[in-house]
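Structure record follows, encoded as structure tokens.
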């Protein structure tokens, strides 16, 4: 089985109040998705990320290392979380992504890992 990254994307200023009804609904939906994925044998790893503003970018240039605050990508949308899954093929991974997008109520990007 191949491995795929399912990444969840949010607006840069996305800040979920986990006490709100909307957040509680999404937490339950994602929990049900995680359970289904685990029971199928497709679960490898997953995690939610702090806002992109908490990122530090480390760069190497001609032997010098520099560090800057903030996300690497200067874009309105940033990755907010991800799953690493195992799926038989891209179609199966896309089906999981469809379910993930419904659970998160937002876009999910699917990317295969490179082969060995």
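What follows draws every value from the coordinates through simple rules; no lab data is involved. From a predicted model like this one, the values you see are computed outputs, not experimental measurements. With ideal geometry, Cβ positions are generated from the backbone for all residues, glycine too; neighbour counts draw on all protein chains shown.
For region 63-83, a residue qualifies if it is touching a residue at least 24 places away in the same chain (Cβ under 8 Å), surrounded by 13 or more Cβ atoms within 10 Å (Cβ to Cβ) and assigned to a loop (DSSP other than H, G, I, E, B), and exactly one does: 71. Of all residues in region 54-68, those that are in contact with a strand residue (DSSP E or B) (Cβ under 8 Å, 6 or more places away or on another chain) and closer than 19 Å to residue 11 by Cβ total 1. Filtered by the rule that a residue be loosely packed, with under 13 Cβ neighbours inside 10 Å, touching a strand residue (DSSP E or B) at 6+ places or on another chain (Cβ under 9 Å) and part of a loop (DSSP other than H, G, I, E, B), region 98-114 gives a lone residue, 113. Set side by side, the residues 95, 36 differ, and just one is touching a residue at least 60 places away in the same chain (Cβ under 8 Å) and outside any strand (DSSP E or B), which is 36.
Residue-by-condition table, conditions (1) surrounded by fewer than 15 Cβ atoms within 10 Å (Cβ to Cβ); (2) under 29 Å from residue 91 (Cβ atoms):
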| site | (1), (2) |
| --- | --- |
| 11 | yes, no |
| 20 | yes, no |
| 23 | yes, no |
| 32 | yes, yes |
| 37 | no, yes |
| 41 | yes, yes |
| 45 | yes, yes |
| 48 | yes, yes |
| 52 | no, no |
